[in-house]
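What follows is a short report on a single structure.
Please treat every number below as a calculation from the coordinates, not as lab data. Computed from a prediction, not measured in an experiment: that's the story for all the values here. Glycine gets a Cβ as well: all are built from the backbone with ideal geometry, and neighbour counts include every protein chain shown.
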Amino acid sequence: MSAASDELNGLETGGLWGITKKQGDQKCEDLLEALYSPAGGIAAALRSVASWNTWNHSPAALSPGPRFTFPGQDEPQNVPSPMASPHADISGRRGYDISLKESDKDVTEITSASKYCRSSPLYQEYCLQCVQAEMHRIQGSDLSALAAAIRLPGLLKHSSAVVTPPTPRSFHQEKGSLLWQDLPEVREQGLLMSLAPKEIKLQEAMFELIRSEASYLKSLTVAVTHFQGSQMLRLSLPTVEHHILFSNLSDVQGMSERFLLDLEAHLGQSVMMQQIGDLVLQHHAALRRVYVPYITNMMYQETLIKRLMQENRGFVHALKKLEKDPACQRQTLKSFLVLPFQRITRLRIVLENILKLTPLESDPFTLTKEAILAVHQILTECDDSVQRMKQTEKLVALEKQLDFKRVKSLPLISHRRHLVQEGGLRQVLMKGPLSKGSVSFLNIHLHLFNDLLLLSLRGESRFHVLDYARFPVHVAVGQVKTKVHGLPQHCFQLHLSQNHSNLPADFVLAANAGSERDVWIRLLSPQGGDTTIKDALQTL
């Protein structure tokens, strides 16, 4: 969240005094970009993976394979190879020759049974309204309240602020939004006259979940029908790339519609809602089923879009035409594809706002708290899944740099494996007895994974693996009395009880500094090595 934090800090220092309306609107848009762009937590991992140049532009490299599954999800249908598609070579050799006729223009219609979806603004506009409303509410005061109220934290960071909904009614009516207090049923029953201000705030907070979900569903519908369903965009891409680009977005849309209809049915039973956490819990499994694979694959969307914008003229032409359509309201495809990430993050914040207004030690309080925990678990699983994908991509890149010709080869890629530490050390080689023999050094590179240790020689473009052992079961370390044995400073012993040849092996390694040596000892021996070299050195 560094971008958002910098922007907020700047606003808090300067305030809004003396700025024009145009400048204020620009500040709102800049702040929204900082708040709702993928940054921090999971998004940092997404950006990190997207920066890895692991695409080799071959059809096989683009196949999503098992990346679109996770425990508990049904296996996806096999995706046809791009080479088997009748349009397989469109993006590669003649994507820019696609004939885009006026008759191909898509017509986006909102056909949802939702009561509020059709009249709602797009979710991108809705988010901007929230920011602008907060700025209107606290204009002329310390903007630290804005930083607390509307910040969108990293995926797993906690937000303790309550977003206060009572903004000027005219502001929302002009923008097409609706407050709970504007509902005809509320006015007819005279509830605003009989309820306490805190009770009204609670109802507004619960209704916020409904109207924001309606706005979200409207944007998802545009994304699915206008972009994903576009024939001209589909013709500009091989089948696999089209699948990677949109992932399971239609499933996300279907989930959102079912969730919203249940929320609206709940409101229809009584305009005075008692709780809403129970509905979130009922949909928890379905939320998890669609959000985890989609967010995990956002990294591939980002990478693919960048490449398509550079290499596929047909895609660029089709995309520009679609983005100019009034259905998009000047929003880009990227702003639609990032919606699920924004929404699942925002969902927890909305529930936290409800919780803070709910009476303590009540059933609604307990259920809302459980709902928050359930959403947090989804976010955690998304974060873990992205981190695993990130590590896998690193392993794929590293495997291409490893040469196992000197030792027995082993498969490096594993969803459970991740790189813990790597770095160069010097292997101490001695000739003759201790304290009297000559000492020479061999530069050696260590790759320490959570379950494996590799020792390699670093070449110009590859690492030539010398030895390896399973970690931590076959790896131990010990400190060395360097003065006693006449060894260089900052040495330690590395003992492999079973190496690649199923034999024991010992190494004396020297670091450049004591702090570097201590780090390696700590990582290679979680208990901390404090032994001295005994028989091992006698064989050097």
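Key figures for this structure:
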{"read-out": "Estimated inter-spin distance, I413 and S515, nm [label 7 Å along Cα→Cβ]", "value": "3.8 nm"}
{"read-out": "At R0 = 60 Å, FRET efficiency that the Cβ-Cβ distance of H464 and M309 yields, to 0.05", "value": "0.95"}
{"read-out": "Cα gyration tensor shape of the stretch 455-515, rounded if a/c is under 1.5, else prolate or oblate by comparing a/b with b/c", "value": "oblate"}
{"read-out": "H376-A196 pseudo-label distance in nm [points 7 Å out on the Cα-to-Cβ vector]", "value": "2.7 nm"}
{"read-out": "Sites matching trypsin sites (Lys or Arg not before Pro) across the stretch 467-519 that sit in DSSP coil, with at most 14 neighbouring C-beta atoms within 10 Å", "value": "K481"}
{"read-out": "Backbone HN-Hα couplings from phi across the stretch 418-430 [Karplus 6.51/-1.76/1.60, Hz, Gly and Pro as x]", "value": "9, 7, 9, 7, 9, x, x, 10, 10, 7, 8, 10, 10"}
{"read-out": "Footprinting exposure proxy for K394, K198 (fewest neighbouring C-beta atoms within 10 Å first)", "value": "K198, K394"}
{"read-out": "Residue pairs, from the table K198/K356; K306/K400; K115/K356; K218/K306; K306/K334, whose Cα atoms sit over 19 Å apart", "value": "K306/K400; K115/K356; K218/K306"}
{"read-out": "Amide hydrogen neighbours beyond the local backbone of H418, cut-off 5 Å, H modeled", "value": "N450, D451"}
{"read-out": "Residues L395, L425, sorted so that the one with the fewest Cβ neighbours within 10 Å comes first", "value": "L395, L425"}
{"read-out": "Distance in nm between pseudo-label sites at Q282 and K356 (7 Å out along the Cβ direction from Cα)", "value": "2.8 nm"}
{"read-out": "Nonlocal amide H pairs with L466, under 5 Å, H built at 1.01 Å", "value": "L455, S456, L457"}
{"read-out": "Sorted by Cβ neighbour density within 10 Å, fewest at the top, the residues S362, S194, S114, S215", "value": "S194, S362, S114, S215"}
